[in-house]
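Undergrad: Sharing a structure here in structure tokens format.
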Amino acid sequence: MFQLLRQRSARWLLMLALLELVLLALCVKLASHLRFLSDEPSLVGFSEYIWPRALLFAAVIAGGMAALGLYQSHLRETWFGLLARQAVGFLLGGIALIVVYYVFPLAYIGRGVFGLALLFGFVAIAAFRVVFARLVDTEALKRRVLVLGSGRRAALIPQRMRRRSDRRGFSIVGFVRMGEEEVAVPTEHLLEREAPLRAWAERLQIDEIVVGPDDRRGGLPMEELLDCKQAGIVITDLPTFFERESGKIKLSLIEPSWLVFSDGFDTSPLRLAIKRVFDVSIALVVLALTWPLMLLTALAIRLESGKGQPILYRQERVGEHGEVFALTKFRSMRTDAERDGVARWATRNDDRVTRVGRIIRKTRLDELPQLINVLRGQMSLVGPRPERPQFVAELAEKIRYYNLRHSVKPGLAGWAQLRYAYGASEEDAAEKLKYDLFYVKNHNLLFDVMILIQTVEIVLFGRGAR
């Protein structure tokens, strides 16, 4: 614990957590005053044990936010994404509090105070984080990173992470040349080691050492790295660093051994059962909420195309383990869109798309019939988007690891759809694969929930639709 607190990012995050605990507790106090505004005796009675109950409320809500990663120094999200994480964190915390109140009735604060405290707390935390990010020195919040290596591989960090948003969670202190490797990083960023690695890293206040030399054979100071790790300094290899900071897997850096020995790829029976229950439950809820929209969409397609023209469109797609299934969508293109039998990528302003089709593609209404595929077990709510067999055959020959995306069920929503624009070429498919593999490697229930929530942003603003 004390070693962890030596990291400056951890100290600032601890301060953030403590301030938010106080803020959430104050929200309970404010909620109680508003709830019993005209009932002074009830307010006096309620206030007798207000602070223990307020701190319990604050701790559980903060725990829910922590479960969503809101106290991680390497968290990289848009403001919408942060609000989505906060919303799910409050939801998890609220459910946990209901259980706590059931087990310990004396801790209960009442429905009125509970509801108001959740509302005030959500607004207060969102506003506080905006102010905190502006007032606190942002460099102090970042992890200080030292890179062992200065060659071609290490140079990918400044080359691929140029933007400030790409380096939101860390700052590079410098690069250390390893052996006789050819220097490819800017020379002003090179550092000369002046002492044993642990002492030198502590002097530079290093939080993390990234190992990224061009040649690792016999050139790494393993004993010194182990010593640094015992001192609380995080040791990370370059592919894992890229994976964590960019939300995708850098294919040019990895070998099969990295995939084999790295964490993730959870396909245990418990994970599969949880995912299936989640898929079916949410699919039924969405169907119950959207069936009027589906009826209106079907009616609009019929009015535009005329009697006898199909409303639904079925197309072969590749699913889990390479099995082909019939994906169902509302028809958004002309019936003769591929009359020559040749599969084509959809393009921007595609003239095959009908007038109604442009609307339902923009709003994602054309995707709703795929809920039936989810209920049949052919798809999941979250996963890599399924591609056509013709495209898969071509891409698998040209792109390494492409078939790994088929180790999970394809999804209605996906991590690649959030992070990358609509794919309409082999280059796009290769880039999206990096995000798909990140999902395949790291998927879990909370990740699925976050992807679904952030998908709302895509639906509302029509980002990536064609």
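Undergrad: Extension gain residue 47-residue 235, at 0.36 nm per residue separation less the Cα-Cα distance, in nm? Intermediate results must be reported in sequence, preceding the final value.
TA: Values: separation 188, 0.36 × 188 = 67.68 nm, distance 4.87 nm.
Gain on stretching residue 47 to residue 235: 62.8 nm.
Undergrad: Then there's this: Neighbour counts of other C-beta atoms within 10 Å: give me 39, 237, 436, 207 arranged from fewest to most.
TA: Values: 39 11, 237 16, 436 28, 207 24.
Arranged by neighbour count, lowest to highest, 39, 237, 436, 207 become 39, 237, 207, 436.
Undergrad: With label points built 7 Å along Cα→Cβ from the Cα atoms of residue 37 and residue 324, find their separation and express it in nm.
TA: It works out to 6.6 nm between the two label points.
Undergrad: Sort 193-201, 437-445, 181-189 for me by packing, meaning the mean count of neighbouring Cβ atoms within 10 Å per residue, highest on top.
TA: 437-445, 193-201, 181-189
Undergrad: How would you classify the stretch 269-461 from its alpha-carbon gyration tensor, with a ≥ b ≥ c the square roots of the eigenvalues: rounded for a/c under 1.5, else prolate if a/b is greater than b/c, otherwise oblate? Walk me through the numbers on the way to the answer.
TA: On the way: a/c = 1.73, a/b = 1.21, b/c = 1.43.
Note, shape of the stretch 269-461 comes out oblate.
Undergrad: Relative contact order of the stretch 269-461: what whole-number percent is it, with Cα pairs under 8 angstrom and at least 6 residues apart?
TA: Values: 234 pairs, mean separation 42.2, N = 193.
Reported as a whole number, the value is 22 percent.
Undergrad: With a 10 Å Cβ neighbour count serving as the proxy for reagent exposure, in which order, fewest first, do 49, 401 appear?
TA: On the way: 49 12, 401 17.
Arranged by neighbour count, lowest to highest, 49, 401 become 49, 401.
Undergrad: For the pairs 362/434; 409/432; 29/142; 250/409; 275/434; 29/275, note any where the Cα-Cα span goes beyond 27 Å. Let's see the in-between values first.
TA: Values: 362/434 25 Å; 409/432 16 Å; 29/142 33 Å; 250/409 22 Å; 275/434 22 Å; 29/275 39 Å.
With Cα atoms farther than 27 Å apart: 29/142; 29/275.
Undergrad: Using just the helices of the chain, give the 222 nm mean residue ellipticity in deg cm²/dmol: DSSP H runs with n ≥ 4 each add -39,500 (n - 2.57), and the total is spread over all residues, rounded to 500. If you can, show how the numbers build up before the last one.
TA: On the way: 19 runs with 247 residues, N = 466.
For the chain, the value works out to -17000 deg cm²/dmol.
Undergrad: Using the Cα centre of the stretch 142-246 as the reference point, and only Cβ charges (+1 on K/R, -1 on D/E), how large is the resulting charge dipole? Debye, rounded to the nearest 20.
TA: Values: 19 positive and 18 negative charges, 127 e Å.
The calculation lands at about 600 debye.
Undergrad: Let me ask you something else. Would the stretch 141-214 count as rounded, prolate or oblate if I go by the C-alpha gyration tensor, calling it rounded below 1.5 in a/c and otherwise prolate when a/b exceeds b/c, oblate otherwise?
TA: Details: a/c = 2.10, a/b = 1.05, b/c = 1.99.
Here the stretch 141-214 falls in the oblate category.
Undergrad: Between residue 131 and residue 96, what's the calculated FRET efficiency when r is the beta-carbon distance and R0 is 41 Å? Round to 0.05. Working shown, then result.
TA: Working: r = 27 Å, r/R0 = 0.66.
So the FRET efficiency works out to roughly 0.90.
Undergrad: Now a separate question. For semi-axes √(5λ) of the Cα gyration tensor in Å, pick the label among [x] 32, 28, 22; [y] 41, 37, 18; [z] 50, 24, 19 that corresponds to the value derived from the coordinates.
TA: Structure-derived value, by its label: [y].
Undergrad: Can you put 24, 30 in order, fewest other beta carbons within 10 Å first? Walk me through the numbers on the way to the answer.
TA: On the way: 24 28, 30 16.
Starting with the residue having the fewest Cβ neighbours, the order is 30, 24.
Undergrad: Let me ask something else. Which value, in debye to the nearest 20, describes the size of the charge dipole of the chain about its Cα centre when Lys and Arg Cβ atoms bear +1, Asp and Glu Cβ atoms bear -1, and nothing else is charged?
TA: Charge dipole, the chain, about its Cα centre: 1300 debye, nearest 20.
Undergrad: Quick one: compute the contact order of the chain, relative version, from alpha carbon pairs under 8 angstrom and 6+ residues apart, as a percent.
TA: Details: 623 pairs, mean separation 57.8, N = 466.
Computed value for the chain: 12 percent relative contact order.
Undergrad: I would also like to ask the following. So what is the relative contact order of the stretch 286-336, in percent, for Cα pairs below 8 Å that sit 6 or more residues apart? Please report the intermediate quantities before stating the final value.
TA: Working: 38 pairs, mean separation 14.3, N = 51.
After rounding, I find 28 percent.
Undergrad: Compute the Cα gyration tensor for the stretch 157-267, then decide on rounded, prolate or oblate, letting a ≥ b ≥ c be the square roots of its eigenvalues: rounded whenever a/c is under 1.5, prolate when a/b is larger than b/c in the other cases, and oblate in all that remain.
TA: Values: a/c = 1.44, a/b = 1.25, b/c = 1.15.
Because its axes are fairly even, with a/c under 1.5, the stretch 157-267 counts as rounded.
Undergrad: Using mean Cβ contacts within 10 Å as the protection proxy, how do 428-435, 319-326, 246-253 order, highest first? The partial results should precede the final answer.
TA: On the way: 428-435: 20.4, 319-326: 14.4, 246-253: 18.1.
For the peptides 428-435, 319-326, 246-253, the packing ranking is 428-435, 246-253, 319-326.
Any read-out appearing in this document is the output of simple, stated calculations on the displayed coordinates, not a laboratory observation. Note that the structure is predicted; figures quoted are calculated from it, not measured. Note: ideal-geometry Cβ built from the backbone for every residue, glycine included; neighbour counts use all protein chains shown.
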